[in-house]
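Worksheet: one structure, shown below.
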Amino acid sequence: MGQAGKIISIEPKYAIPGAEIAVNCNGFRAEHGSDHAVFVDDTDCQITAASSSRILAVVPPEVDGGSTRVHLSSGGSSSNYHPYVVGKRLVDGMHIVANPAIDPNDDAIILTRSGSRGQHLEGTLFRLEPDGYLDELPEAILNPTGIAFDNERQMFVTNRAQGEVYAISRNGSSSVYATGLGIATGLAFDADGIMYVGDRSGTIYRVRDFAEVEAFATMEPSVAAYHIAFGPDGRLYVTAPGLSSHDAIYSIDQSGQVSTFARGFGRPQGIAFDTEGNLYVAACYQGRHGIVKISPDGQSIENFVAGNNVIGLCFTRSGDMIVATNDSVYSIPCDVQGTLI
């Protein structure tokens with residue numbers, strides 16, 4: 001073993017281009033005046049910190065994604081090649097402010113170009129088809145934010161500027177389903193098909209039927225959005241990003257009682273569950289940005305995906321995680337089965 005040493009592991013398990021990863025190793029020596037580097041698929045990474053046993057490096061933005069290999073070099077020697085998975089960019093040029101969604105009818109990915117509040121854009125809702133074609137839906141929704149499908153596979157979208165929820169038909173036409181929802185952001189359906197909408201100014205609404213709106217729970221306002229999802233336990237889980245580095249994730253029981261599920265996150269945003277009850281959250285945790293995985297009891301938390309500016313996520317039927325930043329979308333083959341309709 002030369003100066004490059006040996007790679008033992010890489011944390012977290014997955015990353016998207018531009019993210020910082022930690023390479024755990026033995027015997028790496030970066031002596032003054034000697035050449036040393038970290039490579040992802042033979043592309044040189046920026047090193048932000050290094051010791052003999054741990055190196056922090058940035059995945060190059062130009063890495064194509066998918067199954068890659070990481071290796072070290074120093075003083076003319078190379079380490080072993082360690083397999084690693086980097087998210088593959090599917091599309092860019094979006095403006096995403098909440099989770100994307102998977103259309104349960106055909107597995108297309110539903111994406112938004114939301115714009116700033118009140119900003120009128122020509123194209124705001126898109127379908128990324130399984131064959132990679134990006135299809136713009138014909139009717140623009142002002143500031144589309146939350147996306148969800150009900151038990152009958154009907155798509156709904158919140159409009160945060162006007163406090164509305166729209167029903168979107170298969171041909172892309174839209175109609176107002178509910179109004180008077182404040183700054184409507186998060187959107188989810190419970191097991192009985194009842195709609196819940198998060199008004200980031202402090203209310204979770206329940207919409208039992210067409211336009212039949214009632215307050216379900218109250219919370220502290222959020223500076224950005226309420227992101228909501230139902231867990232396999234039937235509770236509604238909510239993130240409400242604030243200005244603290246110790247924000248909480250909340251759970252709400254069927255009576256509307258709010259409790260803290262886990263705490264210690266910087267700007268927690270999009271959330272999704274897997275079929276085993278683990279919760280995945282776009283957040284900063286222990287100084288690392290990306291997506292964290294939280295056990296069903298809230299006691300075990302791990303960084304799962306490294307990534308900058310991550311807003312939301314969802315899972316495909318094939319077990320890929322779809323990761324959305326504020327402008328781009330990536331696919332990570334992580335073999336996780338999410339909770340889908």
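Can you name every residue in segment 285-300 that is in a strand (DSSP E or B) and of a type in the set (D, E, K, R)?
Applying the first criterion (in a strand (DSSP E or B)) to segment 285-300 yields 285, 288-294.
Within segment 285-300, R288, K293 meet the criteria.
Is it true that some residue in segment 193-210 is at pLDDT below 95 and touching a strand residue (DSSP E or B) at 6+ places or on another chain (Cβ under 8 Å)?
Yes.
Considering only residues that are in a loop (DSSP other than H, G, I, E, B) and polar (S, T, N, Q), which ones fall in segment 102-131?
Residues satisfying the conditions are N105, S114, S116, Q119, T124.
What is the one condition in (1) touching a strand residue (DSSP E or B) at 6+ places or on another chain (Cβ under 7 Å); (2) surrounded by 14 or more Cβ atoms within 10 Å (Cβ to Cβ); (3) assigned by TED's automatic domain parsing to the domain that holds F210 that N151 does not satisfy?
With respect to (1) touching a strand residue (DSSP E or B) at 6+ places or on another chain (Cβ under 7 Å); (2) surrounded by 14 or more Cβ atoms within 10 Å (Cβ to Cβ); (3) assigned by TED's automatic domain parsing to the domain that holds F210, N151 is out only on (2).
Which one of these is of a type outside the set (F, W, Y), out of contact with any Phe, Trp or Tyr (no Cβ under 8 Å at 6 or more places or on another chain), more than 20 Å from R200 (Cβ to Cβ) and crowded, with 19+ Cβ neighbours inside 10 Å: I102, I109, I168, I96?
Of the residues listed, the single one that is of a type outside the set (F, W, Y), out of contact with any Phe, Trp or Tyr (no Cβ under 8 Å at 6 or more places or on another chain), more than 20 Å from R200 (Cβ to Cβ) and crowded, with 19+ Cβ neighbours inside 10 Å is I109.
Would you confirm whether any residue within segment 267-274 is assigned by TED's automatic domain parsing to the domain that holds V305, of a type in the set (A, V, I, L, M) and surrounded by 21 or more Cβ atoms within 10 Å (Cβ to Cβ)?
Yes; the residues of segment 267-274 include at least one that is assigned by TED's automatic domain parsing to the domain that holds V305, of a type in the set (A, V, I, L, M) and surrounded by 21 or more Cβ atoms within 10 Å (Cβ to Cβ).
Just checking, does segment 206-219 include any residue being among the aromatic types (F, W, Y) and surrounded by fewer than 17 Cβ atoms within 10 Å (Cβ to Cβ)?
Checking segment 206-219: at least one residue is among the aromatic types (F, W, Y) and surrounded by fewer than 17 Cβ atoms within 10 Å (Cβ to Cβ).
For segment 228-272, what are the residues that are of a type in the set (D, E, K, R) and part of a loop (DSSP other than H, G, I, E, B)?
Scanning segment 228-272 gives D233, R235, D253, R267.
Of the residues E31, E11, which single one is surrounded by fewer than 14 Cβ atoms within 10 Å (Cβ to Cβ), on the phi < 0 side of the Ramachandran plot, of a type in the set (D, E, K, R) and not assigned by TED's automatic domain parsing to the domain that holds V310?
Among E31, E11, only E31 is surrounded by fewer than 14 Cβ atoms within 10 Å (Cβ to Cβ), on the phi < 0 side of the Ramachandran plot, of a type in the set (D, E, K, R) and not assigned by TED's automatic domain parsing to the domain that holds V310.
The values are calculated or read from the model by the stated rules, or taken from the named source; none is laboratory data. It should be emphasised that the depicted structure is a prediction, and the values quoted were computed from it without experimental measurement. Cβ: placed from backbone, ideal geometry, glycine included. Neighbour counts: every protein chain shown.
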